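The values are calculated or read from the model by the stated rules, or taken from the named source; none is laboratory data. Since the structure is predicted, the reported quantities are computational estimates derived from the model, not experimental observations. Note that each Cβ is placed from the backbone with ideal geometry, even for glycine, and that neighbours are counted across all protein chains shown. Accessible surface is based on the protein model in full, side chains and every heavy atom, while ligands, DNA and RNA are left aside. Shrake-Rupley method; radii C 1.70, N 1.55, O 1.52, S 1.80 Å.
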Amino acid sequence: MIRVLLVDDHQVVIDGISSILEDDASIKVVDSALNGADALRKLEFSAVDVLLLDINMPEMDGIEVVRQLQMKGIEVNVLILTMHNNAQFTKQLIELGVQGCILKNSGKKELILAINEVSQGRRIYGDDVTESLFDSLEKTQKAVDQVQLTKREVEIIKLIASELNTNEIADQLFISSHTVDTHRKNILSKLGVKNLAGLVKFAYENQLV
């Protein structure tokens, strides 16, 4: 029996998904929560195999729930249900170690398959989600290749766009501040921009961050 905790800020969604899963004898919705904070409290005292988690919720969104789970050392397999087919969002989930993500408009068969896969610790992302991610990665790589950025330059662009200063970038990459400055000047030249604002714009337009 796969024990599921269902988290969504709309009771009608909880009721609908619970009704769908009732037909599968191998899956049981053991509890539900209307926000992330309540879900965390329940996870501390409930035996759950899969956390079926919405993203946009009051008090604490799904991304923060995942971060809090990791900080508290609570081990549970997470399957994200979302309306957002966004490549940057998908990359963020993968970086956080989330096992699965499918769209809310997925069918019953895909939902049940995803729950089964995630319960075994296997990763599963819906076809629509992965297609969007691959399209994004292809676009990003084309942009990097077009201006002939090195791997190190891409790293520095990402860190600058994440609002790290020169010394912080140097510390993170184990290089000198002078080397960071040299890379930054080379990047500005390759991109044909005059300042860091142009660099950050390039990073966001080409989904480097």
Looking at Ser132 and the list (1) modelled with pLDDT of 80 or more; (2) surrounded by 15 or more Cβ atoms within 10 Å (Cβ to Cβ); (3) of a type outside the set (Phe, Trp, Tyr), which single condition is not satisfied?
(1)
Looking only at segment 193-209, count every residue that is under 18 Å from Arg152 (Cβ atoms), in a helix (DSSP H, G or I) and modelled with pLDDT under 75 and tell me the total.
1
Determine, yes or no, whether Leu53 is at pLDDT below 85, open to solvent by less than 50 Å² (accessible area, probe 1.4 Å) and of a type in the set (A, V, I, L, M, F, W, C).
no
Which of the residues that make up segment 1-33 are in a loop (DSSP other than H, G, I, E, B), in contact with a helix residue (DSSP H, G or I) (Cβ under 7 Å, 6 or more places away or on another chain) and either over 17 Å from Gly62 (Cβ atoms) or open to solvent by 60 Å² or more (accessible area, probe 1.4 Å) (or both)?
Asp24
Which residue out of Val180, Val118 is open to solvent by less than 80 Å² (accessible area, probe 1.4 Å), closer than 21 Å to Asp49 by Cβ and modelled with pLDDT of 85 or more?
Val118
Among residues of segment 34-45, those that are touching a residue at least 24 places away in the same chain (Cβ under 8 Å), in a helix (DSSP H, G or I) and surrounded by fewer than 16 Cβ atoms within 10 Å (Cβ to Cβ), counted:
0
In segment 167-177, how many are within 22 Å of Lys201 (Cβ to Cβ) and modelled with pLDDT under 90?
1
Could you grab the pairs with beta carbons closer than 9 Å, sequence gap of 6+ or different chains, first residue in segment 54-68 and closer than 13 Å to Ala33 by Cβ, second one of a type in the set (Ser, Thr, Tyr)?
Asp54/Thr82; Gly62/Thr82
Take the conditions of a type in the set (D, E, K, R), at positive phi, surrounded by fewer than 16 Cβ atoms within 10 Å (Cβ to Cβ) and within 24 Å of the chain's Cα centre (by Cα) and apply them to Glu205. Does it pass?
no
Determine the pairs where a residue that is outside any helix (DSSP H, G or I), located within segment 156-177, has a partner that is surrounded by fewer than 17 Cβ atoms within 10 Å (Cβ to Cβ) and among the β-branched types (Val, Ile, Thr) with Cβ atoms under 8 Å apart, the partner being 6 or more residues away or on another chain.
Ser162/Val209
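Here is a check on your reading of the model: is Asn105 within 30 Å of Glu205 (Cα to Cα) and surrounded by fewer than 18 Cβ atoms within 10 Å (Cβ to Cβ)?
Spelling it out, Asn105 is indeed within 30 Å of Glu205 (Cα to Cα) and surrounded by fewer than 18 Cβ atoms within 10 Å (Cβ to Cβ).
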Test Val48 against the criterion of being modelled with pLDDT of 90 or more, open to solvent by less than 60 Å² (accessible area, probe 1.4 Å), under 15 Å from Val118 (Cβ atoms) and in contact with a Ser or Thr (Cβ under 7 Å, 6 or more places away or on another chain), and give yes or no.
no
